[in-house]
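Below you'll find the structure, written out as structure tokens, and then a few comments.
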Amino acid sequence: MERTAVRGRLNWLAAEVVELIDETETVRSIVLDCPGWPGHRPGQHVDIRLTAENGYQAQRSYSIANSERGQQVVITVELVDDGEVSPYLVGELVAGDQIELRGPIGGYFVWTPDLGGPLQLIAGGSGLVPLMAMVRLASSDRQVPVRLLVSARSWDSLIYREELVRLAGEMPMLHIDYALTRTQPSNWQGYSRRVDKAMLEESAWPAADRPKTYVCGPTGFVETVAMQLLALGHDPKQVKTERFGPSGG
Amino acid sequence: MAIISRGFKGRRQQDSPLDRVPPGQYVTNDFPVLSAGPTPLVALDKWNLTLTTETGQTTAWTWDEFLELPIEPINVDIHCVTKWSKLDTNWEGVSIDTLLAGVQTSAGFLLVESFDGYTTNLPLADVTHGKAWIAHLYDGEPLRADHGGPARLLVPHLYLWKSAKWVTALKLSNEDRAGFWEGYGYHNYGDPWKEQRYAGD
């Protein structure tokens, strides 16, 4: 387990919006060009700061969705109805706008190929964001086998769905199971219920394989999944969790 | 000079009493859970709390012994490094001053350990004189496991990662030693009013 202490001060950097991608009706990815970005590892996040004309400031943290090196940072933001920041990021921001960010933050919920595998990723809703950065890196590295179990309300609410299908089709070392909990397309072959112990037994690497496991999503989801993994014999030290919200928008 | 975000209005300025909300924080009515791993489940008959001085003298309490200590009500604001603040939270617990009452120490630091292996570190001066507790009730109910129950350290004037959940050991030390998050780049002290989130802040 790599422990990288942050050296020096994390300064606020100016980033420019270069592209906006609507992932679902309520989720948008924002591609930011950030000169001076020191690079990041999948699983890390970034702090965003917005400043209103009267000087009022708001900060939020967002997981980083991309894995490439360079100065590009991609965040994927879910609209929270009564949120303060997400309606701005998802609804108002346009290419050319600038926002301040600093990071990367976090050193524990991180995966890089040198940590090995097999890699087990379990995502609930927008918890898929940091795990997608891991999927993207694993897909370009092609050394470590990956199993991803992702839970979403419906196919249309599943973020990155086309890319997931494409990557799984291209890479024999990536296996993805989908659990659509509310509605399913006709002829649906995947799971149609919430993640439970039986599903984990079928879908996830068994404990005997000693997988590196990352679970991310709403805290209720993460609690349930983590407890089921422990009941299946997984080592709690090999199960890393990142929990979202309620985040306040 | 911060960059102005075109069209951003911010909505919560009226809601938040500014003198109680540290910079960069927003007030929430929820109580978010942010733990790095699975929630450990600690049976009360296996629970114990130890306090060890810098010379190796140890005092220990079982759960029943802990409950016999003077328990006080605690009403405090809490601030998480992930930006949320929660005002007027109500707890009950035992003051660290009570635990230290029978102990001779000249140590400068407190190293804290939790049942799941989590650690954090603080200056001793930041947990004495009414600044910190071992808290076991929240809103009048037993502290939920995912919020750190059976008992957690509570140090409300610092970011909440210093308030170690599932606390089991307090070690007085002459030397400071970075705990779990401190080792991953979070600030060694963590004063929310100075916005000391990350090392170097």
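We did not get these values from a lab; they are worked out from the coordinates using the rules stated. None of these values were measured; they are calculated from a predicted model. In this analysis, Cβ positions are derived from the backbone assuming ideal geometry, glycine residues included, and neighbour counts consider all displayed protein chains.
Taking the range A:93-193, which trypsin sites (Lys or Arg not before Pro) meet the DSSP loop condition and have no more than 16 other C-beta atoms within 10 Å? Display every interim value, and only then the final one.
Details: sites: A:Arg102, A:Arg136, A:Arg142, A:Arg147, A:Arg153, A:Arg161, A:Arg166, A:Arg182, A:Arg193; in loops: A:Arg142, A:Arg153, A:Arg182, A:Arg193.
Answer in residue order: A:Arg142, A:Arg153, A:Arg182, A:Arg193.
As a test of the formula, what do you get for chain B when each DSSP H run with n ≥ 4 contributes -39,500 (n - 2.57) and the sum is divided by the residue count, at 222 nm and rounded to the nearest 500 deg cm²/dmol?
Values: 3 runs with 14 residues, N = 201.
Rounded to the nearest 500, the figure is -1000 deg cm²/dmol.
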#### Entry: Candidates A:Met173, A:Met132, A:Met227: whichever shows maximal mean-square fluctuation once chain A is modelled as a Gaussian network with Cα springs under 10 Å
A:Met227
### Query
Taking +1 at the Cβ of each Lys and Arg and -1 at the Cβ of each Asp and Glu, which of A:Pro118, A:Val18, A:Ala58 sits farthest along the dipole of the range A:4-138 towards its positive end, judged by Cα position relative to the Cα centre?
A:Pro118
#### Entry: All-pairs alpha carbon distance profile, the range A:1-152, 10 Å steps from 0, percent
11, 40, 35, 13, 1, 0
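Sorting B:Leu34, A:Leu121, B:Leu122 on the 10 Å Cβ count, fewest up front, what's the list? Spell out each step's value before the answer.
Numbers: B:Leu34 18, A:Leu121 27, B:Leu122 24.
Listing B:Leu34, A:Leu121, B:Leu122 from fewest to most nearby Cβ atoms yields B:Leu34, B:Leu122, A:Leu121.
Trypsin sites (Lys or Arg not before Pro), restricted to the range A:1-83: which are DSSP loop and have at most 13 other Cβ atoms within 10 Å? Don't skip to the answer; put the middle values down first.
Numbers: sites: A:Arg3, A:Arg7, A:Arg9, A:Arg28, A:Arg49, A:Arg60, A:Arg69; in loops: A:Arg3, A:Arg7, A:Arg9, A:Arg69.
Hits after loop and neighbour filter: A:Arg3, A:Arg7, A:Arg9, A:Arg69.
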### Summary
the range A:68-131 and the range B:32-110 have their Cα centres apart by a whole-number Å value of 34 Å
### Task
Could you work out which residue, out of A:Ala15, A:Ala208, A:Ala133, moves most in a Gaussian network model of chain A, that is, has the largest mean-square fluctuation with Cα springs under 10 Å?
A:Ala208
## Note on the structure
For the range B:49-201, the charge dipole (Cβ of Lys, Arg +1; Cβ of Asp, Glu -1; about the Cα centre) points to a positive end, and the Cα of B:His129, B:Gly183, B:His147 closest to that extreme belongs to B:Gly183
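In which sequence would A:Val73, A:Val129, B:Val94 go, from the one with the fewest C-beta neighbours within 10 Å to the one with the most?
B:Val94, A:Val73, A:Val129
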### Task
Looking at chain A, send over the antiparallel percent of its DSSP beta bridges, to the nearest 5.
55 percent
### Message
If I build a Gaussian network model for chain B, linking alpha-carbon pairs within less than 10 angstrom, which residue out of B:Ser85, B:Ser106, B:Ser173 has the largest mean-square fluctuation?
### Response
B:Ser106
### Task
Pairs to check: A:Lys237/B:Lys131; A:Lys237/B:Lys162; A:Lys212/B:Lys194; A:Lys197/B:Lys171. Give those whose C-alpha atoms are more than 30 Å from each other in this structure.
A:Lys237/B:Lys131; A:Lys212/B:Lys194; A:Lys197/B:Lys171
